[in-house]
Amino acid sequence: MSRTGPAGRERRAGLFVVVPADDLVGDFRRRHHAASVARHLPPHVTIWFPFQPVSAVDDALRAELERHFSRLARFPAELSAVGSFARHVWLAPEPRGRFVELMQTTRERFQSGPFGDEARREPVPHLTVGEARRGEDVDQLAALAREELEPLLPFGFVVAAVSLLEEGADGLWHELSRFELA
């Protein structure tokens, strides 16, 4: 199995809450976030990326992740509104505090990775649905997302597990493990 992925970099793994929202956001993502869809990344809220290189994921790390997540409670959630960053448009998951807690407790437990100052800032939970292309106005993309997606919100789901996804040598993403919450 190759240790390198696209562009010759070491393959990466990340921790994600996979959200069963393809019926809600799938068409929008295919049109405005096609690269992620083409790489088989499901709709998700990132808990930690990049978490580890794929080469560092072994049975001991999986067991630690299993213990960590099995101590955290599952919770009802919903996608509630459209938001944006400099180039990305996303849906806000609620309750925000529970997602932040999930992110922060995981980072505190597994204090590795190239985060620097990012680890000290409170994360912004989000489910990315679009990326402004070069020359495209992110505000216009956000307005389009509000027009198309906000009428369908809120969208409810249960956060019952965290998935460890790996980047394959071909650039496609696959689930390595799924860790159930209590």
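At a glance:
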{"read-out": "5 angstrom amide H check on Ala161, placed H, neighbours 5+ away", "value": "Leu181"}
{"read-out": "Angle in degrees between helix 59-70 and the longest Cα principal axis of the chain, rounded to the nearest 10", "value": "60 degrees"}
{"read-out": "Relative contact order %, the chain, counting alpha carbon pairs below 8 Å whose residues are six or more apart", "value": "35 percent"}
{"read-out": "Over the chain: helical MRE at 222 nm, DSSP H runs n ≥ 4 each giving -39500 (n - 2.57), nearest 500", "value": "-9000 deg cm²/dmol"}
{"read-out": "Integer Hz, Karplus 6.51/-1.76/1.60 couplings in order for region 45-54, x for Gly and Pro", "value": "10, 6, 8, 6, 8, x, 7, 8, x, 4"}
{"read-out": "Separation in nanometres of the label points that stand 7 Å from Cα toward Cβ, at Thr105 and Glu150", "value": "3.3 nm"}
{"read-out": "Calculated from backbone phi, Karplus (6.51, -1.76, 1.60) coupling profile of region 71-80 in Hz, x at Gly/Pro", "value": "8, 9, 7, 5, 7, x, 9, 8, 8, 10"}
{"read-out": "Amide H contacts under 5 Å for Val89, placed H, 5+ residues apart", "value": "Val129, Gly130, Glu131, Ala132"}
{"read-out": "Within-15-Å neighbourhood charge of Ala63 [Cβ basis; K, R +1; D, E -1]", "value": "0"}
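Throughout, read-outs are computed from the coordinates displayed, never taken from laboratory work. Quick caveat, the model's predicted, so the values are computed rather than measured. Here Cβ is always computed from backbone atoms with ideal geometry, including for glycine, and neighbour counts include all displayed protein chains.
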